[in-house]
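A short worksheet on the structure shown next.
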Amino acid sequence: MSYYVGCDWASTAHQICVINAHGQIVWQNEVPHTAEGCAALRRRLQRFGAPADVPVAIERPSGLIVDLLLEWGHPVVPIQPNALKASRSRYRISGAKSDASDAFILADLLRTDGHRFRAMNPVADETRALRALVRTRDDLVATRIGLANQLRAVLEGFWPGAAQVFADIDSPIALAFLERYPTPEGAEHLGEKRLAAFLGRNSYCGRRPAGEANTEASGEVVRALVTVLVDLVAQIQKLTSAIAQAMRVHPDGAIVMSFPRAGCTNAAQILAELGQERLRFPSVERLAAEAGVVPVTVESGKHRGVTFRWACNKRLRRAITIFADNSRRASPWAAQIYQRAQARGCDHPHAIRILARAWLRVLWRCWQSSTPYAVSNHGSAQRLSVA
């Protein structure tokens, strides 16, 4: 007898449903997201046969539960949320959602349409480590941006001059200044010479003029935000260094970093989502769809519509579009593609996605052949340089 497992993932507990080849539920329960809960789940699944013969369908193709299932030897089959949503009406007219019903639908989709989905391969240790570093850094950067915006808003409301002294309010020099002078009273005797000396001690050579801190400020709020930001910026820098080290030892690190203006951190963001498994993206079209840089075409009868691709790996889309935007400042070929897209009436985000799609063709080929990028091997770029 064959068995199929559906797992509705959650942060504190997972809803698990096991069905047989006839679609009948043979076991269903909620499993806590703890070491004990996961160990109990492993023992339960072992009752239904060898792990290689008990596939598991899940919406989210990442996280500890996915890593454990792969480690235990189960084929893990990711099913896109939009596919699950579209299938609910097959089981109930209202299309209502519940964790238990979603787990059953996932298992039954695997039973009836399993041939339409592709099982995941275990993620290599190097990529798993890099992904953890990159995603944690990205999350901390998002937190830093939010706190920096909050700090700027406080300063603009009570002490606008302080926010104008430095180019970036969350830069080390700006935080050092606000930590030393959190109120206008503390800085009111800080003339041009004393400020110049302060900037010199902190090796600042920025482009903003000094001496505009003249209004009232909330020193305690500024001090609190600065304290959090100082620690946060330091942790981000540590993660950035760890990412650089991870990229040096990653088998594909040199390939992605070889692209113009990719840099180390942005290349790591791309590689963390791309991974090492070449079979995962057998064609550049599948990679472009995963990265969300190609639209979705819907055809029905005489109607044909092209819409933005919402269902994709958003981290990969963000990473590849950041790279594309940066690359046009170093690659004449990239700059020309962007300019032509804008000449056709595309706005900036659309033009960047078009450029990202063009770069993915090159990146996919280099990745598949394990060959670093070289402009001398890039035919389109070479033809442009000759012209």
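The values are calculated or read from the model by the stated rules, or taken from the named source; none is laboratory data. Keep in mind the model is a prediction, meaning the values are calculated, not measured. Ideal geometry is used to build each Cβ from the backbone, glycine not excepted, and the neighbour counts take in all protein chains shown. Only protein heavy atoms, including side chains, enter the accessible area calculation; ligands, DNA and RNA are left aside. Shrake-Rupley method; radii C 1.70, N 1.55, O 1.52, S 1.80 Å.
Miscellaneous remarks
- Scope the range 14-56; condition closer than 28 Å to ASN313 by Cβ and touching a Lys or Arg at 6+ places or on another chain (Cβ under 9 Å); matching residues: ILE16, VAL31, PRO51
- Residue in the range 7-24 that is surrounded by fewer than 19 Cβ atoms within 10 Å (Cβ to Cβ) and assigned to a helix (DSSP H, G or I) present: no
- The numbered conditions (1) crowded, with 18+ Cβ neighbours inside 10 Å; (2) more than 28 Å from SER369 (Cβ to Cβ) are all true for LEU316 except (2).
- Enumeration of residues in the range 221-230 that are open to solvent by 40 Å² or more (accessible area, probe 1.4 Å) and either under 11 Å from THR143 (Cβ atoms) or within 23 Å of the chain's Cα centre (by Cα) (or both): VAL228
- Of GLN237, GLN245, all but one fail to be more than 18 Å from the chain's Cα centre (by Cα), over 25 Å from ALA148 (Cβ atoms) and free of Cβ contacts under 8 Å to residues at least 60 places away in the same chain; the exception is GLN245.
- Complete set of residues in the range 127-160 that are surrounded by fewer than 21 Cβ atoms within 10 Å (Cβ to Cβ), over 30 Å from ARG280 (Cα atoms) and not polar (S, T, N, Q): ARG144, ILE145, GLY146, LEU147, ALA148, ARG152, ALA153, VAL154, GLU156, GLY157, PHE158, PRO160
- Of all the criteria given as (1) of a type in the set (Val, Ile, Thr); (2) at pLDDT below 95; (3) within 26 Å of the chain's Cα centre (by Cα); (4) part of a helix (DSSP H, G or I), the one not satisfied by VAL123 is (4).
- Residue among ASN377, ASN326 that alone is modelled with pLDDT of 95 or more and open to solvent by 30 Å² or more (accessible area, probe 1.4 Å): ASN326
- Test: residue in the range 331-338 that is under 30 Å from GLU59 (Cβ atoms) and not polar (S, T, N, Q): no
- Selection count, the range 332-365, where residues are open to solvent by less than 20 Å² (accessible area, probe 1.4 Å) and within 24 Å of the chain's Cα centre (by Cα): 9
- When restricted to residues that are surrounded by fewer than 18 Cβ atoms within 10 Å (Cβ to Cβ), closer than 25 Å to SER327 by Cα and charged (D, E, K, R), the range 261-308 contains 4.
- Of note, ALA163 satisfies the criterion of being surrounded by 14 or more Cβ atoms within 10 Å (Cβ to Cβ), modelled with pLDDT under 85 and part of a helix (DSSP H, G or I).
- Subset of the range 25-43 (residues that are in contact with a strand residue (DSSP E or B) (Cβ under 8 Å, 6 or more places away or on another chain) and open to solvent by less than 70 Å² (accessible area, probe 1.4 Å)): VAL26, TRP27, VAL31, PRO32, HIS33, GLY37, CYS38, ALA40, LEU41
- Any hit, the range 91-106, residues being free of Cβ contacts under 8 Å to residues at least 40 places away in the same chain, of a type in the set (D, E, K, R) and in a helix (DSSP H, G or I): no
- For the range 52-66, the candidate set comprises residues that are of a type outside the set (A, V, I, L, M) and open to solvent by 40 Å² or more (accessible area, probe 1.4 Å); within that set, the residue that is modelled with the lowest pLDDT is PRO61.
- Among all residues of the range 65-75, there is none that is free of Cβ contacts under 8 Å to residues at least 24 places away in the same chain, in a helix (DSSP H, G or I) and over 23 Å from the mean Cα position of the chain (by Cα).
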